[in-house]
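Presented below is the structure to which this report refers.
The values are calculated or read from the model by the stated rules, or taken from the named source; none is laboratory data. Quick caveat, the model's predicted, so the values are computed rather than measured. Note: ideal-geometry Cβ built from the backbone for every residue, glycine included; neighbour counts use all protein chains shown. Note: areas computed on protein heavy atoms with side chains; ligands, DNA, RNA excluded. Shrake-Rupley method; radii C 1.70, N 1.55, O 1.52, S 1.80 Å.
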Amino acid sequence: MGKILVTRKIPDQFIEQLEQLGDVHMWDDEFEPMPRAQFLTELEDAEACFITLSEKIDKESIEHAKNVKIIANMAVGYDNIDVALANRNGIVITNTPNVLTETTAELGFTLMLTVARRIIEAQQYVQNGQWKSWGPYLLSGKDVHGSTLGIYGMGDIGRSFARRLQGFNTTILYHNRSRHEDAERQLNAQYVSFDELLERSDFVICTAPLTSETANKFDEKAFSKMKKDAIFINIGRGAIVDEEALVNALNNNEIGGCGLDVLREEPVRLDHPLLKMQNVVILPHIGSASVVTRDRMIQLCVDNIKAVLQGKAPETPVETK
């Protein structure tokens, strides 16, 4: 049996399954990534590899992965992987779609409500001993119900987010590379141009993947088109946002606030100006972080590795188009 490289500590029940397929070498740390040099060395005699977004699969990695048949990425997005180069070198790439859709949409909805109702500020207000009395507009926020909400990226997560708006009496706008007429029928969503979405929305939610088309989509021009009290939420990818433009938009009161589960550089550096803003909530990329969902993601990676090592087609391959 060949070597299976696992780059993060995962529960025993999954390791036991992989041990039926090969000799498992697991990096024994749940939170810190394997050092790059060690990762490259470990790849050299591996037959399969389980990775997270922290590991970059580029030309250098693939040159070391001479015997690797499959790289199973524990994420839906795969912008950390040069899929085309991997495929050309006979390496199957898989991801974990579908199993995390609902959990990620739920986190996005939670983040939106948290920013809109100023929950973090309110908690700090109490903890800091500032709650002495009451005033009519004390920590008053922004209603979601009755608002206009724009979703950029109407894929599975975008639709799941829109489903959660049913009953909130919202107007749902969306912009996507292509129209989804089923979403329009089922969710009463309106397809609009990107500019119209920005101009009309009280809340702008980004659920899009990172591509050449979406990179830096939310730039200075985009933020300038948004309402002065609009709230921006990003649960897509950090590089979709020009963070300098976002900081300027917040400092200049061009938008009302934002909630981010993803950033360009993760973990965020502690001197990042966004961390100093009261109207900003930043989370540590926990969109899919429920126990059940993370178990399902790992199991899908294991199932994909098992299929490929047994000469079968994986359940969720990523292929170049």
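Tabulated results
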{"read-out": "Residues satisfying the stated conditions in region 66-79, i.e. farther than 9 Å from Val318 by Cβ, modelled with pLDDT of 95 or more and of a type outside the set (A, V, I, L, M)", "value": "Lys66, Asn67, Lys69"}
{"read-out": "Candidate set: region 260-314, residues that are charged (D, E, K, R) and assigned to a loop (DSSP other than H, G, I, E, B); chosen: the one least open to solvent (accessible area, probe 1.4 Å)", "value": "Asp261"}
{"read-out": "Among (1) surrounded by 16 or more Cβ atoms within 10 Å (Cβ to Cβ); (2) within 22 Å of Ala84 (Cβ to Cβ); (3) within 26 Å of the chain's Cα centre (by Cα) - the single one Ile10 does not satisfy", "value": "(2)"}
{"read-out": "Odd one out for Glu196, checked against (1) free of Cβ contacts under 8 Å to residues at least 24 places away in the same chain; (2) of a type in the set (D, E, K, R); (3) under 22 Å from Val268 (Cβ atoms)", "value": "(3)"}
{"read-out": "Hits in region 176-210 - residues which are closer than 17 Å to Met226 by Cα, buried (at least 22 other Cβ atoms within 10 Å of the Cβ) and not hydroxyl-bearing (Ser, Thr, Tyr)", "value": "Leu197, Leu198, Phe203, Val204, Ile205, Cys206"}
{"read-out": "Residue within region 89-112 that is surrounded by fewer than 18 Cβ atoms within 10 Å (Cβ to Cβ), in contact (Cβ under 8 Å) with a residue 24 or more places away in the chain, of a type in the set (A, V, I, L, M) and under 30 Å from Gly167 (Cα atoms) present", "value": "no"}
{"read-out": "Hits in region 16-40 - residues which are in a helix (DSSP H, G or I) and either surrounded by fewer than 17 Cβ atoms within 10 Å (Cβ to Cβ) or touching a residue at least 40 places away in the same chain (Cβ under 8 Å) (or both)", "value": "Glu16, Gln17, Leu18, Glu19, Arg36, Ala37, Gln38, Leu40"}
{"read-out": "Residues (in a loop (DSSP other than H, G, I, E, B) and open to solvent by 30 Å² or more (accessible area, probe 1.4 Å)) located in region 227-255", "value": "Lys227, Lys228, Asp229, Arg237, Asp242, Asn252, Asn253, Glu254"}
